[in-house]
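This report refers to the structure that appears directly beneath it.
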Ligand code: 16G
Ligand code: MG
């Protein structure tokens with residue numbers, strides 16, 4: 001092909017018209033909105049993914065149809081670049097332009113512009129692998145996506161119903177197949193085998209863990225967790241909960257990682273399942289986020305969020321690097337966002353370099369690539385660990401001089417296999433946590449006591465135009481509306497241990513306010529005061545001002 005197959009695109013595009021009056025945006029996590037409005041977007045993404053592949057010399061691009069932790073009626077789609085990473089940022093604007101073209105003609109024109117601007121060679125092959133989560137709107141959206149593939153003549157491989165991180169794994173495995181950097185077999189079987197094999201090796205000689213409860217959010221994670229269990233055999237006793245993926249309305253409903261993080265309590269249907277002293281974790285709707293928690297001996301709930309996971313993981317890796325005798329060769333660093341609890345930042349910064357970046361996986365991932373071993377986690381439970389190519393080389397070739405060094409080196413090598421380095425992966429992260437708890441002989445309560453979280457509060461403010469809010473310094477400072485940051489600073493000063501920041505959401509039409517302070521009542525008060533400032537500044541209707549906004 002040297003020119004766009006205009007006729008095929010025209011015919012199929014007319015069958016997937018863009019709804020009038022709607023504007024789509026490729027945001028932090030791709031396109032995401034009501035599933036019933038996304039037909040044209042999926043068709044167009046099918047073609048866009050093919051063009052992205054052609055641009056990258058026929059390397060395989062991933063397409064994931066999911067809306068993660070959002071309510072069941074939502075859906076979304078995101079593209080995955082060949083190394084298993086998020087779509088390159090410069091293509092987000094192309095995706096938005098292509099999705100919003102008002103007619104078939106305008107769509108074809110947008111494609112033609114893209115081909116010229118991005119210097120796409122149409123004679124290259126187009127290869128895509130795609131998958132979806134369990135949402136009821138998924139099958140119809142996949143059909144629209146497949147029409148996009150057909151229109152452009154994409155060689156498409158159906159990954160079926162699977163988790164976001166497994167799709168990322170497949171993309172990387174396909175693109176590295178047969179090379180010295182091979183990431184594993186390019187199949188689900190390859191993924192489970194890789195995880196289970198390294199997990200079992202890391203547990204050799206350790207006491208078998210107590211049973212862990214996994215809340216699967218009634219989503220695709222249930223399917224994957226059941227499969228993983230088959231590969232793990234009896235190496236890890238697991239109790240699966242919230243595995244109903246067929247009853248309408250149950251996905252993410254009063255369960256899952258986002259529920260636990262926001263409500264800071266057990267999913268209601270786990271109350272009778274959990275026993276004092278037990279630990280559990282929740283996945284989100286596409287299984288890329290993980291939230292741990294436990295009950296203490298008195299039955300009180302303790303949340304072990306992304307920050308606690310980062311602390312556990314980073315400390316363990318630093319320890320193993322030291323034990324392997326590689327302290328001067330391998331530098332470990334941590335990446336967080338402004339949402340990281342102040343106590344976690346303090347704990348980590350006392351031990352290793354910590355960097356703060358804007359919200360969104362792509363920012364964390366890229367910053368983590370700058371370390372030899374980069375640990376990144378968002379407080380909401382999305383995160384992973386990256387081992388740089390030169391570090392992997394060092395680990396593979398280092399000659400240990402004592403048996404203790406040899407053991408630690410093997411642990412590190414196995415960790416590179418256990419951890420899904422393409423993106424946050426709830427199941428891989430869960431196994432990682434279980435390995436570390438077994439090595440340290442920590443209960444959930446002991447893990448929790450690494451540091452005590454500062455009380456905090458997150459508040460949403462509905463404003464007329466969230467784009468009026470602009471931030472700097474990794475979202476910690478508001479530069480617009482002018483003058484508002486100074487007022488926030490004045491307020492924060494009055495609270496002991498106070499910290500607060502305001503940023504526009506990238507996924508919802510709201511502005512978010514975060515506050516923390518030494519006491520819970522103070523954190524709440526500070527959050528609501530700042531929310532009040534934001535509401536007034538953004539021209540909110542005084543008659544509708546929420547009464548909590550002091
Ligand atoms: C998306 C991001 C997540 C971020 C969240 C923030 C990805 C894959 N996911 O879910 O990292 O924490 O958005 O949402 O990048 P917000 O902008 O609405 O606060
Ligand atoms: Mg998710």
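Arrange the following residues from fewest to most other Cβ atoms within 10 Å of their Cβ: 303, 86. Intermediate values should be presented prior to the final figure.
Numbers: 303 18, 86 22.
With the sparsest Cβ surroundings first, the list reads 303, 86.
Looking at the square roots a ≥ b ≥ c of the eigenvalues of the Cα gyration tensor of segment 1-107, which shape do they give, rounded for a/c under 1.5, prolate if a/b is larger than b/c, or oblate? Kindly include the intermediate steps, with their values, before the conclusion.
Values: a/c = 1.89, a/b = 1.06, b/c = 1.78.
Cα axes put segment 1-107 in the oblate bin.
Could you work out the relative contact order of segment 297-356? I mean the mean sequence separation of Cα pairs under 8 Å and 6+ apart, divided by the number of residues, in percent.
Values: 37 pairs, mean separation 21.4, N = 60.
Here the relative contact order equals 36 percent.
Counting every Cα pair in segment 91-230, what percent are over 18 Å apart?
On the way: 6795 of 9730 pairs.
Value for segment 91-230: 70 percent of Cα pairs lie more than 18 Å apart.
For the residues 145, 203, 34, what sequence is obtained by ranking on other C-beta atoms within 10 Å, fewest first? Don't skip to the answer; put the middle values down first.
Values: 145 29, 203 20, 34 15.
Going from sparsest to densest Cβ surroundings: 34, 203, 145.
Out of every Cα-Cα pair in segment 424-497, what percent are more than 16 Å apart?
Summing the P(r) tail past 16 Å for segment 424-497 gives 72 percent.
Considering segment 48-150, what Rg and Dmax in Å follow from its alpha-carbon atoms?
13.9, 41
What number do you get for segment 208-283 when its Cα radius of gyration is normalised by 2.2 N^0.38 Å, N = residues? Intermediate results must be reported in sequence, preceding the final value.
Numbers: Rg = 12.3 Å, N = 76, 2.2 N^0.38 = 11.4 Å.
For segment 208-283, the normalised Cα radius of gyration is 1.08.
Alpha carbon centre of segment 396-460 versus segment 266-318: separation in Å?
14
What is the percent of Cα-Cα separations in segment 196-346 that go past 18 Å?
Tail of P(r) above 18 Å: 65 percent of Cα pairs.
Work out, step by step, the length gained on full extension between residue 37 and residue 7: first 0.36 nm times the residue separation, then minus their alpha carbon distance; give nm to one decimal.
Values: separation 30, 0.36 × 30 = 10.80 nm, distance 2.48 nm.
Value of the extension gain: 8.3 nm.
Rounded to two decimals, what is the ratio between the C-alpha radius of gyration of segment 456-549 and 2.2 N^0.38 Å? Display every interim value, and only then the final one.
Working: Rg = 12.2 Å, N = 94, 2.2 N^0.38 = 12.4 Å.
Working it through for segment 456-549, the quotient is 0.99.
Which value, in Å³ per residue, describes the convex hull spanned by the Cα atoms of segment 376-450?
On the way: hull volume 8.0 nm³, N = 75.
That works out to 107 Å³ per residue.
Per-residue counts of other Cβ atoms within 10 Å, averaged by peptide: what ranking do you get for 341-353, 371-383, highest first? The partial results should precede the final answer.
Values: 341-353: 17.5, 371-383: 26.2.
Top of the packing list down: 371-383, 341-353.
Relative contact order of the chain, please, whole-number percent, based on alpha carbon pairs below 8 angstrom and at least 6 residues apart. Show your work: numbers first, answer last.
Numbers: 1155 pairs, mean separation 64.1, N = 550.
Result for the chain is 12 percent.
Residue separation times 0.36 nm, minus the C-alpha to C-alpha distance between residue 480 and residue 508: what's the value? Display every interim value, and only then the final one.
Working: separation 28, 0.36 × 28 = 10.08 nm, distance 1.89 nm.
Net length gain for the segment: 8.2 nm.
Give the order of 37, 521 when sorted by the count of other beta carbons within 10 angstrom, beginning with the fewest.
Numbers: 37 16, 521 10.
Fewest-to-most Cβ neighbours within 10 Å comes out as 521, 37.
Report the semi-axes of the equivalent ellipsoid for the chain in whole Å, largest first, where each axis is √(5λ) for an eigenvalue λ of the Cα gyration tensor. Kindly include the intermediate steps, with their values, before the conclusion.
Details: eigenvalues 254, 202, 101 Å².
They are 36, 32, 23 Å, listed largest first.
In deg cm²/dmol, rounded to 500, what helix-only [θ] at 222 nm does the chain give when every DSSP H run of at least 4 residues adds -39500 (n - 2.57) and the total is split over its residues?
When only DSSP H runs of four or more count, the value is -12500 deg cm²/dmol.
Output the relative contact order of segment 1-136, whole-number percent, from Cα pairs under 8 angstrom with separation of 6+ residues.
Working: 207 pairs, mean separation 48.3, N = 136.
In percent, rounded to a whole number, it is 36.
Where a number appears in this text, it was derived from the coordinates with a stated rule and is not lab data. Since this is a predicted model, take the numbers as computed values, not measurements. Counting neighbours? That spans all protein chains shown, and the Cβs are built from the backbone with ideal geometry, glycine included.
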